[in-house]
Amino acid sequence: MKILHVAHFFYPCLSAGGVVNASYQIASKQSKDNEVKVISSDSCKERLKFPKGRYDVDVDGIKVDYFRNLSNRFKLKTMLDTPLSAPFKIRKDIKGYDIVHIHEHRQTLAILASHFARKNNIPYIVQAHGSVLPFFQKEGLKNLFDKVFGFKMLHNASCVFALTEVEKEQYLKMGVDEEKIEIVPLGINLEEYENLPSFGKFRSKFNIGENDKLILFVGRIHEIKGLGLLIDAFNDLINQNNGEIDGENDDANSLDGIDSSSIKLAIVGPNDGYLAKLEEKIKEYSLEENVIITG
């Protein structure tokens, strides 16, 4: 089968978030038994460079076309690509594919791919990766996009992938037929976990006691991840353990009797613009001894 993936950020731009790794892993596994190609852009925090050409770039056995954006700054600000050569190349190349898989639909390449797929009667899948509804940042721009392109793209898809039941409900709110929605959780590449570090190495490295209670957050440090809310909740947990908030420790699952200094929160992931505010919030609550930011 010939499969075309559409992703507005792609490997090696891992700083763009988990969707980059998810789309890479899917394409990588499919490429073992299928002919797979990815179309993406050259955008990243720093524009990607391709000294040997930007089309048919071999990425671990996956062929990738990285379209050049007219403005990398505009892309990072609006999340919309400006790939001037893309319409002509996609219109020509898409005829040779059996199916198109669009990762995150509010993007220029998705508009082009879905349009030319329909023109050529090629089925396409949309996988929003948690971005179905137009909430949080750039809500006005997202609503405008949906009115012009988004609703049509979702409704004309042969199938849409939801990660969870919650995301399925979000698709339904966007008017997608329930029969088109498939719940497909993200997979895990077990090969990456074949050689694990020795037990206790993480605790030892960051001076976390063997009997300390450890809460773990893994993800990029960005406001959208809800880290501010996490710190608020963690502060409440510490205060509850100290008997400083209403209700005190009458919950059977409370941490009554445990020294608050032995309750740790580890935040693991790269900074994506929110680290300074996060550290300020941690300091405001005097949680410096309880919160560990590993990077």
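Worth pointing out:
- Dividing the summed -39500 (n - 2.57) terms of all DSSP H runs of n ≥ 4 by the residue count of the chain sets its mean residue ellipticity at 222 nm at -9000 deg cm²/dmol.
- Counting only residues at least eight positions apart within a chain, or on another chain, the lysines with an alpha carbon under 16 Å from that of residue 2 are 29, 32, 37, 63, 92, 95.
- Antiparallel %, DSSP beta bridges [both residues in the chain], to 5: 10 percent
- Over all other residues within a Cβ to Cβ distance under 14 Å of residue 202, the charged ones net out to +2, with Lys and Arg as +1 and Asp and Glu as -1.
- Sorting 177, 212 by the number of Cβ atoms found within 10 Å of their own Cβ, with the fewest placed first, yields 177, 212.
- Value of relative contact order over the stretch 1-124, rounded to a whole percent, pairs C-alpha under 8 Å and six or more apart: 29 percent
- Estimated dipole of the stretch 153-219 in Debye, rounded to 20 [Cβ of Lys and Arg +1, of Asp and Glu -1, Cα centre]: 440 debye
- Ordering 138-145, 39-46 by mean Cβ neighbour count within 10 Å, with the highest value first, yields 39-46, 138-145.
- Listed by chain and number, the lysines whose alpha-carbon sits under 22 Å from that of residue 277, ignoring those within fewer than 8 places in the same chain, are 45, 77, 138, 225, 264.
- The stretch 56-128 and the stretch 168-205: distance between their alpha carbon centers, rounded to Å: 24 Å
- Cysteines without a disulfide-compatible partner [the chain; Cβ-Cβ under 4.7 Å]: 159
- In straight-distance terms, cross-link reach from residue 283 covers every one of the aspartates and glutamates whose alpha-carbon lies under 20 Å from its own, apart from those fewer than eight places away in the same chain; here that gives 223, 232, 236, 244, 259, 272.
- Calculated P(r) of the chain - Cα pairs past 33 Å, %: 36 percent
- Each Lys and Arg contributes +1 and each Asp and Glu -1, all at the Cβ; summed about the Cα centre of the chain, the dipole is approximately 2480 debye.
- Evaluated with a Cβ-only charge set (Lys, Arg +1; Asp, Glu -1), the stretch 1-151 carries a dipole of roughly 440 debye about its Cα centre, given to the nearest 20.
- Taking other Cβ atoms within 10 Å as a rough exposure proxy, 126, 148, 20 sort from fewest to most as 148, 20, 126.
- Cβ crowding within 10 Å ranks 168, 2, 152 as 2, 152, 168, fewest other Cβ atoms first.
Here, each number is a calculation from the coordinates, and none is a lab measurement. For clarity, every value in this text was computed on a predicted model and none was experimentally measured. All Cβ positions, glycine included, derive from the backbone under ideal geometry; neighbour counts span all protein chains shown.
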